[in-house]
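One structure is given below, encoded as structure tokens.
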Amino acid sequence: MSLNKKQMIKLFTNLVRTSHYDKMMYRRMMQGKLIGFYHPAEGAVAPGVGACTFLKKDDNLNPHHRGHGIIHMVSKGIDVSTFLAEHTGKETGCCKGRSAFHFHYPDDKVYQQSGFIGHNFAPTVGWGYAAKRRGKSQVVMNCSGDGSYGEGRAHESMLMCQNWQLPVIFFCENNGMAIFSSSEEMHPTEDISSLAQGYGMPAVIVDGQDVFAVAEVAMAAIDRARKGKGPSFVECKTMRFNEHDIGTPDLKGWEDRSEEEHADMRKREPVRLATERVLADAILTQTKIDGIHEASLKEIEGVEEFADNSEICLPSEEELLADVFVD
Ligand SMILES: Cc1ncc(C[n+]2csc(CCOP(=O)(O)OP(=O)(O)O)c2C)c(N)n1
Ligand SMILES: [Mg+2]
């Protein structure tokens, strides 16, 4: 599946927008403006952009926790003002400022995090099953890290989705790390996608730093699922430039990565690679590229203003308990 010029511009624009969104989250965390903590996505924005830019509004999305889903949601075309308000602890947040990153956007078919890695695999079967039963051309994009494929639910989910031929994409964002454990220590094979073979599911490996390459394989997997041809597995080989999260003390100090490794990784920064490509292929001029950066920063300013000008979340005991369900 090769991309046309319009699709490449859309991907490039989303790549620039999301990388600025991620930088904004990092900056605000450092400024003490966010509640909880943040899992920075620098170096790892291309997978989410490639996976979600061409999803339809009605498609189910389970974003990866890196970037707390902002990469995936912005790419799917969702207004993330209430996402930032939530992370800023404001009443206008999507969960009234009470949750930080454990939230959902049901109207936009986004079902996000619980505190458990791999929580999304069981609901993925249900969403896929529902889509198939209703005969809708709706797909489920399940974005997860390499670490989560050590969870039993991942395997049960792959087995059932394949048996029932559900419209699911197992989209693995493999950065080779789970907090400070390397993939090598945690998985018997180098490629997480090799697990799909055991379930007879087609799988593809793609350079996760190249947004255009990711989008091509993601679109093929989406198309396949939409046509009722069942699930598939996409593995993006990507990177994590920063520590696992910020807001928790000194995770970087535990990492076993040298300065040279960090410098090498940064040579493959996805916005840099995409910029080289769109200039080389004459898809965009430098002036147009500068305009995309400016427009992204302006958009983010508006989102920040909304969060900053909203009322802080200070619920009374009664209001707090109103959202607690006891069986
Ligand atoms: C069931 C469970 N085990 C462990 C954790 C702690 N934990 C949080 S993030 C994480 C690493 C996840 O790695 P991966 O899925 O590869 O995503 P990455 O953070 O590398 O992007 C772990 C082990 C958890 N939240 N839930
Ligand atoms: Mg990982």
For region 76-89, pairs from a residue that is closer than 15 Å to ARG28 by Cα to a residue that is modelled with pLDDT of 95 or more and hydroxyl-bearing (Ser, Thr, Tyr), with Cβ under 7 Å and 6 or more apart or across chains, are ALA85/THR92; ALA85/SER310
From GLU185, GLU173, GLU151, GLU156, grab the single residue that is charged (D, E, K, R) and free of Cβ contacts under 8 Å to residues at least 12 places away in the same chain.
GLU185
Given the criteria over 26 Å from GLU86 (Cβ atoms) and either among the aliphatic types (A, V, I, L, M) or within 14 Å of ligand 1 (Cβ to nearest atom) (or both), does MET141 qualify?
no
For residues in region 69-78 being modelled with pLDDT of 95 or more and not aliphatic (A, V, I, L, M), which is nearest to GLY145 (Cα to Cα)?
HIS72
Could you go through region 103-122 and let me know if any residue there is touching a residue at least 24 places away in the same chain (Cβ under 8 Å), more than 24 Å from TYR38 (Cα to Cα) and surrounded by fewer than 21 Cβ atoms within 10 Å (Cβ to Cβ).
yes
I need the helices (runs of 4 or more DSSP H) fully contained in region 184-292, keeping only those with at least 3 residues that are crowded, with 19+ Cβ neighbours inside 10 Å.
211-226, 270-280
Quick one: what pairs do we get from region 211-237, first residue in contact (Cβ under 8 Å) with a residue 12 or more places away in the chain and of a type in the set (Lys, Arg), second surrounded by fewer than 21 Cβ atoms within 10 Å (Cβ to Cβ) and not in a strand (DSSP E or B), C-beta under 6 Å, 6+ apart or different chains?
ARG226/SER137
Determine if region 167-180 includes at least one residue that is on the phi < 0 side of the Ramachandran plot, in a helix (DSSP H, G or I) and of a type in the set (A, V, I, L, M, F, W, C).
no
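Yes/no per residue for (1) on the phi < 0 side of the Ramachandran plot; (2) touching a helix residue (DSSP H, G or I) at 6+ places or on another chain (Cβ under 6 Å):
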site: GLU216; (1), (2): yes, no
site: LYS227; (1), (2): yes, no
site: GLY230; (1), (2): no, no
site: ASP245; (1), (2): yes, no
site: PRO249; (1), (2): yes, no
site: ASP256; (1), (2): yes, no
site: GLU259; (1), (2): yes, no
site: ALA274; (1), (2): yes, yes
With respect to VAL49, determine if the residue is closer than 30 Å to HIS262 by Cβ, touching a helix residue (DSSP H, G or I) at 6+ places or on another chain (Cβ under 9 Å) and among the aliphatic types (A, V, I, L, M).
yes
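The values are calculated or read from the model by the stated rules, or taken from the named source; none is laboratory data. The structure displayed is predicted, hence computed values, not measured ones. Cβ coordinates were reconstructed from backbone atoms using ideal geometry, including for glycine residues, and neighbour counts include every protein chain displayed.
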